[in-house]
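Have a look at the structure below before the remarks.
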Amino acid sequence: MKLLIATPSPYARKIRIMLHEKGLDVEEIVDNPWTENAAARQANPLGQVPVLWLDDGSVLYDSRVIAEYVETLNVAPRFFPEEPAARIAVKQIEALADGICDAVVLIVLERARATELQSADWIARQQRKVERGTAELHRLLTTDSQFGNAQITLADVAAGATLAYLDLRLPDFDWRSGYPALSEFSDRVETRPSFCRSRPISQTISPMR
Ligand SMILES: N[C@@H](CCC(=O)N[C@@H](CS)C(=O)NCC(=O)O)C(=O)O
C-alpha cells in the first residue's frame, strides 16, 4: 500500500496516525493538491488527498472510506467500537471534526484570493462553523464516553488532528483559552509517537490553479 498525503492535511493525518498505531508500514508520498501537477488529480477525480493505493492497484479516496478500509485489515488496535451505538458516536465525532476542517479550508482559500475578491461574510460564516464546532467538540469531550478515554478511537484521532490544524491555519482563534479541557486533550494526544511523526507542516495554497 502507498498513501498520498499533504503535510498540513488533517484528513491525511487521520490515516497516517491510524496506520502508525496499527504498526502498518505504508509508504507515504507527499503531494501538494493545490499545484497543477498534483498527483491527487491523477489518482482521485476530486483531486484531494488522502489517497490510498492498494497492492492490487485499486485506489481508495476520502479519509472516512480509507479509515473504514484500514479497520477491515483486522490489525489492533481497533479504532471503531464494535457496539453499534458507540460506533455511530465515534463516527459522529469524526464527521464533526472533519466538518470543522472543511470550514477552515474554506477560510484559508478565501483569504488566499485577491483582497478585493474576498468576501468577509463568507469568511464569517465559516468562522462561525469553526467556533460552533469547536464548542461542540468541547461539550462532547466533557460528556461523551467515546472521546478522550484511555482506549484511542477514531474520534480522538480526528479531534486531535483538527485541533492541531486550527493551531496551524487559524492561529488567531484562541480556542485553548475558552476550552482548557480540549487544550489538555490536544497536548496529551500530541505526545503519542503517531501524532509526533505526523505534525502538520504548512504548504502553499493556490486555489485558482
Ligand atoms: N472529505 C475529504 C476531504 C479531503 C480534502 O479536502 N483534502 C484537501 C487537503 S487538506 C485537498 O486535497 N484539497 C484539494 C482540493 O480540494 O482541490 C477527506 O476526508 O478525505
Of the residues in region 30-72, those that are more than 25 Å from LEU96 (Cα to Cα) and either in the same structural domain as ALA97 (by TED's automatic domain parsing) or not in a loop (DSSP other than H, G, I, E, B) (or both) come to VAL30, ALA39, ARG41, GLN42, ALA43, TRP53, VAL59
Contact list please: Cβ distance under 6 Å, first residue in region 112-123 and under 18 Å from ILE205 (Cα atoms) and outside the structural domain of THR35 (by TED's automatic domain parsing), second residue at pLDDT below 95 and not in a helix (DSSP H, G or I), pairs at least six apart or on different chains. ALA112/ILE205; ALA112/PRO207
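If only one of ALA135, ALA159 is farther than 22 Å from ARG64 by Cα and out of contact with any Ser or Thr (no Cβ under 6 Å at 6 or more places or on another chain), which one is it? Steps first, please.
Details: ALA159 fails: farther than 22 Å from ARG64 by Cα.
Among ALA135, ALA159, only ALA135 is farther than 22 Å from ARG64 by Cα and out of contact with any Ser or Thr (no Cβ under 6 Å at 6 or more places or on another chain).
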Please state which one of ALA135, ALA164 is open to solvent by less than 30 Å² (accessible area, probe 1.4 Å) and outside any loop (DSSP other than H, G, I, E, B). ALA164
Read through the list (1) at pLDDT below 95; (2) part of a helix (DSSP H, G or I), then give the number of the only condition that LEU96 fails. (1)
Looking at region 32-80, which of the residues that are of a type in the set (Asp, Glu) and either within 8 Å of the ligand (Cβ to nearest atom) or farther than 27 Å from ARG113 by Cβ (or both) is least open to solvent (accessible area, probe 1.4 Å)? GLU71
Among (1) open to solvent by less than 50 Å² (accessible area, probe 1.4 Å); (2) of a type outside the set (Ser, Thr, Tyr); (3) under 18 Å from SER63 (Cβ atoms); (4) in contact (Cβ under 8 Å) with a residue 60 or more places away in the chain, there is one condition ILE205 misses while meeting the rest; what is its number? (3)
Is there any pair linking a residue in region 135-148 that is touching a residue at least 24 places away in the same chain (Cβ under 8 Å) to one that is loosely packed, with under 14 Cβ neighbours inside 10 Å, with Cβ under 9 Å and at least six apart or on different chains, and which? ALA135/GLY178; HIS138/GLY178; HIS138/ALA181; LEU141/ALA181; THR142/ALA181; GLY148/THR142; GLY148/ALA181; GLY148/ARG188
Residue that is nearest to the ligand (Cβ to nearest atom) [pool: residues in region 14-25 that are open to solvent by 20 Å² or more (accessible area, probe 1.4 Å) and assigned to a loop (DSSP other than H, G, I, E, B)]: LEU24
Criterion violated by ILE152 - all others in (1) without any contact (Cβ under 8 Å) to a residue 60 or more places away in the chain; (2) in a loop (DSSP other than H, G, I, E, B) satisfied: (1)
Report, by residue number, each residue of region 167-202 that is of a type in the set (Val, Ile, Thr) and open to solvent by 20 Å² or more (accessible area, probe 1.4 Å). THR191, ILE201
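The values are calculated or read from the model by the stated rules, or taken from the named source; none is laboratory data. Computed from a predicted model, the values in this text were never measured in an experiment. Every residue, glycine as well, gets a Cβ built from its backbone with ideal geometry; the counts of neighbours run over all protein chains shown. All accessible areas refer to the heavy atoms of the entire protein, side chains included, with ligands and DNA or RNA removed. Shrake-Rupley method; radii C 1.70, N 1.55, O 1.52, S 1.80 Å.
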